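Structure record follows, encoded as structure tokens.
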Amino acid sequence: MAHVLEVADSLSGLARTFLAEHAHAMQVDTGPDDDECRAVMSAALGHCDEHALTTLRHIQRRYSGLTYRSAFRASEIVVAPVFDVDPDKRQIRFDFAVSDTDPDGCRYSFLQPDGTVWFGYLDTEVPAFPSLDHFLECDALLHHADRQNHRSTETPTDANAYRERLLARHPHLRRLDMASGFCVEWWADDKHLVYFDGLDARIAANGHRASWIPTVVKTWLLDEPWVSDGSPQSMMDGTYC
């Protein structure tokens with residue numbers, strides 16, 4: 001499996017261009033070797049999960065060392081997942097999945113063995129993206145949006161109701177699934193690009209329905225129309241539907 005900076009077939013044209021222009025690879029520690037991982041699993045879980053170990057090595061070959069300035073994290077980040085077992089939950093996880101190169105000791109992230117990207121703050125952890133590819137697509141779109149005509153930034157008290165009203169006013173908006181996640185959504189039509197960022201709200205809610213931090217909704221007017229597959233005309237080889 002080639003590194004994502006060498007072969008990025010799974011990504012849209014927009015994301016491939018973003019990584020080619022703004023990312024590089026650095027040497028990172030890949031953690032314990034296979035035998036050490038098996039020993040930890042046997043001691044903590046009573047068995048070895050070979051599938052999880054194979055998945056980790058696949059992810060490491062594909063993404064480890066990827067470094068760039070992330071708009072989503074407002075920081076330079078490095079992808080450096082390593083094997084670990086949560087002793088309390090008795091679950092395997094891959095720590096340091098998306099790490100700040102200058103960590104603050106409060107924010108962190110990890111991957112579940114199914115590839116789901118989780119972000120945490122202190123003791124609260126929430127799922128954010130279905131995969132690292134989704135996270136990369138989100139950052140690529142944030143970079144693209146920064147070059148469009150910013151229209152508004154809003155913090156609605158009810159993000160779901162806001163979305164319903166938005167879709168009623170603009171029925172051609174479609175969800176850009178490749179760049180969206182569990183608390184982050186992108187929507188677009190040929191004139192608008194809309195971003196819902198509810199990560200901090202989800203973390204602040206900490207499992208409760210209400211959050212004292214609102215979802216942030218940003219809207220841009222596009223300087224160039226989007227084609228039917230959901231990508232800018234200048235990136236027609238990308239796919240976002």
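The values are calculated or read from the model by the stated rules, or taken from the named source; none is laboratory data. Quick caveat, the model's predicted, so the values are computed rather than measured. Cβ coordinates were reconstructed from backbone atoms using ideal geometry, including for glycine residues, and neighbour counts include every protein chain displayed. Ligands, DNA and RNA are excluded from the accessible area calculation, which covers all protein heavy atoms including side chains. Shrake-Rupley method; radii C 1.70, N 1.55, O 1.52, S 1.80 Å.
Out of the strands (runs of 3 or more DSSP E) lying entirely within the stretch 71-187, which hold 1 or more residues that are free of Cβ contacts under 8 Å to residues at least 60 places away in the same chain and among the β-branched types (Val, Ile, Thr)?
Answer list for the stretch 71-187: 75-78, 82-86, 91-95.
Give me the residue from the stretch 43-64 that is assigned to a helix (DSSP H, G or I) and at pLDDT below 95 and, out of that set, most open to solvent (accessible area, probe 1.4 Å).
So the residue we want is Ala43.
Could you check His3 against (1) closer than 20 Å to Pro87 by Cα; (2) out of contact with any His (no Cβ under 9 Å at 6 or more places or on another chain) and say which number it fails?
The one condition His3 does not meet is (1).
I need a count of the residues in the stretch 170-213 that are at pLDDT below 95 and out of contact with any strand residue (DSSP E or B) (no Cβ under 9 Å at 6 or more places or on another chain).
6
With (1) part of a helix (DSSP H, G or I); (2) surrounded by fewer than 17 Cβ atoms within 10 Å (Cβ to Cβ) as the list, and Asp223 as the residue in question, which single condition is left unmet?
(1)
Pick from Val98, Val117, Val126: which is out of contact with any helix residue (DSSP H, G or I) (no Cβ under 6 Å at 6 or more places or on another chain) and either charged (D, E, K, R) or open to solvent by less than 50 Å² (accessible area, probe 1.4 Å) (or both)?
Just one listed residue meets the conditions, Val98.
Do we find that Val82 is open to solvent by 10 Å² or more (accessible area, probe 1.4 Å) and either modelled with pLDDT of 95 or more or not aromatic (Phe, Trp, Tyr) (or both) in this structure?
So Val82 fits the description; yes.
Could you please find all residues in the stretch 139-169 being in contact with a strand residue (DSSP E or B) (Cβ under 6 Å, 6 or more places away or on another chain) and closer than 26 Å to Thr55 by Cα?
Of everything in the stretch 139-169, just one residue is in contact with a strand residue (DSSP E or B) (Cβ under 6 Å, 6 or more places away or on another chain) and closer than 26 Å to Thr55 by Cα, namely Asp139.
With the requirement that a residue be under 22 Å from His144 (Cα atoms) and either assigned to a strand (DSSP E or B) or open to solvent by less than 20 Å² (accessible area, probe 1.4 Å) (or both), what does the stretch 188-206 give you?
Correct list: Ala188, Asp189, His192, Leu193, Val194, Tyr195, Phe196, Asp197, Gly198, Leu199.
Tell me which of these Thr67 doesn't satisfy, since it passes every other one: (1) over 20 Å from the mean Cα position of the chain (by Cα); (2) not in a helix (DSSP H, G or I).
Single failed check for Thr67: (1).
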